[in-house]
Amino acid sequence: MADRVTVIGWDGSPLTAAARSALGAATLVAGAPHHLALPEVTPAAERIRLGSVALAARRIAAHRGTAVVFADGDPGFFGVVRTLRAPEFGLEVEVVPAVSAVAAAFARAGMPWDDAQVVVAHRRTLRRAVNVCRAHTKVAVLTAPGAGPAELGLLLEGVHRTFVVCEELGTAHEQVSVVTSDKAADHSWRDPNVVIVIGGPAGAAEDSGWIAGRDPGTGPRGWVQPDESYGGGHGGGLGEGETELLRAAQLARLGPRVGDLVWDIGCGSGAFATEAARAGAAVIAVDRDPAACARTDGAARRFGVQLQIVHGDAPHILENLPEPDVVRVGGGGPAVVSAVADRRPQRIVTHAATRDAAERVGRDLTEHGYRVECALLQSVELDTRAWTETERSVVFLLSGELVRREASR
């Protein structure tokens, strides 16, 4: 095993004394070509072009001598340190940090980044990274070949964003470009690059300043808001199947989270779509009624969340939408539920007014490979001044969970 392993972060600045000392003693140096070309790398040292970090770690573990591993930016931030410290390699490392690529990108853009989400996009995580870009107003994306600015732009179709693309930060070829997301696929981008994705309505106040990323305390407390938050003076009341108790149960069954894409079909007042977005998920809200789309847009603006609103008839309008993780079917009946099940989301929730209707939907979900649960929800509202009943609601809540997820998902 290597006697000592030093990981050096590189951001284009002159190497520190600690980094030069480690390089002077190194008998093995691993890094990208621009790292290995640095004059401080001694000619006698064995050089490894860093591709797979795991393969390099195995060679370092078998090396007798001292090793240095270069990494762009801060190697402890989505970097090589995690892999090198994996138990199977048995390596103890010292780290000489540098400015992270994310910090450098925001510095080049002249923007603060304590309120930004940071995600890594490669072929396996590209879809989830895009969903974060849909749901949040400021996101830094650490890209990889095959999951770069062009791919991000293509998957954000229908959602307008501004890209600040920072290529080869810290090198003589560094370049910063600003393009709209729909134009990103028209360019050829050099690796490595970082993409700052900006757009959508303002979220948390700029002076909140107590936690990195999106402030989870923004807006009123509660997973669901009172029914009157979406009715009264805001353009109409709640539609069928939008009551507070039912929304709470639907959210609990679906569990929307950061990185998910939620479909809300038959969005009505926008109550469910808004609350799913408050959980951090990306949401596409669909309704055939222009007034419902307008109410949903108003609800999203009031609560400071981002939604993509699609006007059209389901199930036909669903054909060109990106693949969902979880879906709420608020309207359209069994035909829409069946069309949604054909797309294989992980979970589906819907409701029915009668047992016969619930049984029909349940059978269809079962035939599509979903494990089905059904509950009869009854709520009774009371006037606490006299403890008398003011309103009663009874509905069947159906949920389906896909028994076997497809390998591609």
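The values are calculated or read from the model by the stated rules, or taken from the named source; none is laboratory data. Because the structure is predicted, anything quoted here is derived from the model rather than measured. Using ideal geometry, Cβ is built from the backbone for each residue, glycine included, and neighbour counts are taken over all protein chains shown. Side chains are part of the model used for accessible areas, which takes the heavy atoms of the whole protein and leaves out ligands, DNA and RNA. Shrake-Rupley method; radii C 1.70, N 1.55, O 1.52, S 1.80 Å.
Scanning region 21-31 finds one or more residues that are buried (at least 22 other Cβ atoms within 10 Å of the Cβ) and in contact with a Phe, Trp or Tyr (Cβ under 6 Å, 6 or more places away or on another chain). Of the residues that make up region 135-142, is at least one in a helix (DSSP H, G or I) and either surrounded by fewer than 22 Cβ atoms within 10 Å (Cβ to Cβ) or among the aromatic types (Phe, Trp, Tyr) (or both)? The answer is no, given that none of the residues of region 135-142 is in a helix (DSSP H, G or I) and either surrounded by fewer than 22 Cβ atoms within 10 Å (Cβ to Cβ) or among the aromatic types (Phe, Trp, Tyr) (or both). Among residues of region 352-375 that are within 20 Å of Ser393 (Cα to Cα) and in contact (Cβ under 8 Å) with a residue 40 or more places away in the chain, those with a Cβ under 8 angstrom from a residue that is surrounded by 16 or more Cβ atoms within 10 Å (Cβ to Cβ) and aromatic (Phe, Trp, Tyr), sequence gap 6+ or separate chain, pair up as Ala352/Phe396; Ala353/Phe396; Thr354/Phe396; Arg355/Phe396; Ala358/Phe396; Ala375/Phe396. Taken as a whole, the structure leaves Val164 outside the set of residues that are over 20 Å from the mean Cα position of the chain (by Cα), modelled with pLDDT of 95 or more, over 18 Å from Ala277 (Cβ atoms) and not in a loop (DSSP other than H, G, I, E, B).
The conditions of being within 30 Å of Gly199 (Cα to Cα), touching an Asp or Glu at 6+ places or on another chain (Cβ under 7 Å) and not in a strand (DSSP E or B) are met by Arg344. Apart from one condition, Glu46 fits all of (1) over 28 Å from Val194 (Cβ atoms); (2) at pLDDT below 95; (3) touching a Leu at 6+ places or on another chain (Cβ under 6 Å); the exception is (2). Which residues, counting only those in region 287-320, are in contact (Cβ under 8 Å) with a residue 60 or more places away in the chain and among the small types (Gly, Ala, Ser)? Gly298, Ala299, Ala300, Gly304 - these are the residues of region 287-320 that are in contact (Cβ under 8 Å) with a residue 60 or more places away in the chain and among the small types (Gly, Ala, Ser).
With respect to the numbered conditions (1) open to solvent by 30 Å² or more (accessible area, probe 1.4 Å); (2) in contact with a Cys (Cβ under 7 Å, 6 or more places away or on another chain); (3) closer than 19 Å to Arg214 by Cβ, which one is the sole condition not fulfilled by Leu156? So the condition that Leu156 fails would be (1). Condition test on Ile284, is it assigned to a strand (DSSP E or B) and modelled with pLDDT of 95 or more? So Ile284 passes the test.
Go through Val93, Val102, Val80 for me and flag whichever is within 18 Å of His35 (Cα to Cα), of a type outside the set (S, T, N, Q) and surrounded by 16 or more Cβ atoms within 10 Å (Cβ to Cβ). Of Val93, Val102, Val80, the one residue that is within 18 Å of His35 (Cα to Cα), of a type outside the set (S, T, N, Q) and surrounded by 16 or more Cβ atoms within 10 Å (Cβ to Cβ) is Val80.
Among the conditions (1) exposed (fewer than 15 other Cβ atoms within 10 Å of the Cβ); (2) within 28 Å of Val258 (Cα to Cα), Ala335 misses just one, which is (2).
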